[in-house]
1. Which condition breaks for G162 when tested against (1) at pLDDT below 85; (2) not in a helix (DSSP H, G or I)?
2. Does V390 meet the test of being part of a helix (DSSP H, G or I), modelled with pLDDT of 95 or more and under 27 Å from G273 (Cβ atoms)?
3. Taking the options L197, L208, L186, name whichever one is under 19 Å from S32 (Cβ atoms), free of Cβ contacts under 8 Å to residues at least 60 places away in the same chain, part of a helix (DSSP H, G or I) and not hydroxyl-bearing (S, T, Y).
4. Within segment 288-298, is even one residue modelled with pLDDT of 90 or more, crowded, with 19+ Cβ neighbours inside 10 Å, under 28 Å from A411 (Cα atoms) and of a type in the set (A, V, I, L, M)?
5. Is there a residue being at pLDDT below 85, outside any helix (DSSP H, G or I), closer than 26 Å to M50 by Cα and over 15 Å from the mean Cα position of the chain (by Cα) anywhere in segment 174-183?
6. When only residues in segment 333-387 that are among the hydroxyl-bearing types (S, T, Y) and modelled with pLDDT under 85 count, which is nearest to G52 (Cα to Cα)?
Amino acid sequence: MTTRTPAQVEDLARLRAQRRILVVLVATQVLSGAGLAAGVTVGALLAQDMLGSTSLTGLVSALSTAGSALAAVVVGRLSHARGRRPGLAAGYLAGAAGSAGVVAAAVARDPLLLFAAMFVYGAGMATTLQARYAGADLAAPERRARAVSTVLVATTLGGVAGPNLATVTGDLADVVGIPYLAGPFLLAGAAYAVAVLVLLLWLRPDPLLLVRALQVEGVGPVHGAPGDAGGRPAAGRRSFGVLVGALVMAVAQIVMVSIMTMTPVHMHGHGHGAAASGLVIALHIGAMYLPSPLSGWLVDRYGHRAIAVACALTLLVAGVVAAGAPDDSAAALAVALVLLGVGWNLGLVTGTAIITDAVPLAVRAKRQGLVDVSIAVAGAAGGLASGLVVAAAGYAVLAVGGGVLALAIVAVVIAAARGR
């Protein structure tokens, strides 16, 4: 009979807890993916219907991502103080409240209420992303990217199902006397509310609180990345890593949000129905999350810099394909949006791994929340600019411009390689 040391017993308990936590997070991500997809699919169309113009449709995405910026700070600080469970639950609860507000705005035909509700709805978006950090809390350093990817890939199921239920939820909304385009937000509110219950009931033990306790006992996974060839002090490496990770994710976010937001509007303007645009967005969201296991393995295997460059090049190709897609070809736009999702996924997994390696456990949740603010602000800027650019210059200019902007990631990687 093999006798385990106390450290081995504690490590086994940690691994079992990690498996349980990942199962619960996967369940909540399926639900939150459905909630997230609602705003992506019909949020801009609902604003266009109310306002009668495309120039301010990007404001819906801008406000939801601005709301996600505030939520990222709140969820991060609450998680730091009380643990991941109350932090994530509070964020999803706000997402449910925002969804209900959008439905009320559609019934009242009140654009101001719609904008306010979309701001609150953005909390669900931020929380969906923050959950990836919970998956990495207990993971060993060499497996962090794969732990992050496990949580992210679960979002695919809800994210793909949500847009494809746009017609069904729209018909349901008609039956109960609610505007057709508000139907997906009924699904979003219910999905976020159930996610809250799942977290409160089953996310036990709390991963962040457990890893802190294990570190005090000298057992938990060790913080930090491998040594730096440039010889910078540990504090300098951390600050440098946080900046690089944040920039990679922020650039990927602004490119993805700007093109994604205006694609349903572009398709609607060229005669495509809700089913076609819903399918394109479903494929896009699937591509945002489904490649996560592969992305995690690539980051763990080949390193941050190589995959960050791959992210930039994929986003560039996506922009070029979207710009050149014939107006009547939903298939070509679907290819472009799939590439856009894959590029974003590579950037998110890479940036998250960099951040998690660089941030000390004592301040991890707060710092991660602040980093996600930069992602949300970038997304808000992309969403706001997208409608203005399309109104002034057209969808093709927006798509090409986004692809070119993605090359800024390459500049960040080169600067990182030179230690600047």
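The values are calculated or read from the model by the stated rules, or taken from the named source; none is laboratory data. Because the structure is predicted, anything quoted here is derived from the model rather than measured. With ideal geometry, Cβ positions are generated from the backbone for all residues, glycine too; neighbour counts draw on all protein chains shown.
1. With respect to (1) at pLDDT below 85; (2) not in a helix (DSSP H, G or I), G162 is out only on (2).
2. No, not satisfied.
3. L197
4. So far as segment 288-298 goes, yes, one or more of its residues are modelled with pLDDT of 90 or more, crowded, with 19+ Cβ neighbours inside 10 Å, under 28 Å from A411 (Cα atoms) and of a type in the set (A, V, I, L, M).
5. No: zero hits.
6. S374
Okay, residues lined up against (1) part of a helix (DSSP H, G or I); (2) within 16 Å of the chain's Cα centre (by Cα); (3) within 23 Å of G382 (Cβ to Cβ):
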{"residue": "D49", "(1), (2), (3)": "yes, no, yes"}
{"residue": "A62", "(1), (2), (3)": "yes, yes, yes"}
{"residue": "A89", "(1), (2), (3)": "yes, no, no"}
{"residue": "A106", "(1), (2), (3)": "yes, no, no"}
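Yes/no per residue for (1) buried (at least 21 other Cβ atoms within 10 Å of the Cβ); (2) of a type in the set (D, E, K, R); (3) more than 16 Å from the chain's Cα centre (by Cα):
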position: P326; (1), (2), (3): no, no, yes
position: V342; (1), (2), (3): yes, no, no
position: L370; (1), (2), (3): no, no, no
position: L384; (1), (2), (3): yes, no, yes
position: G394; (1), (2), (3): no, no, yes
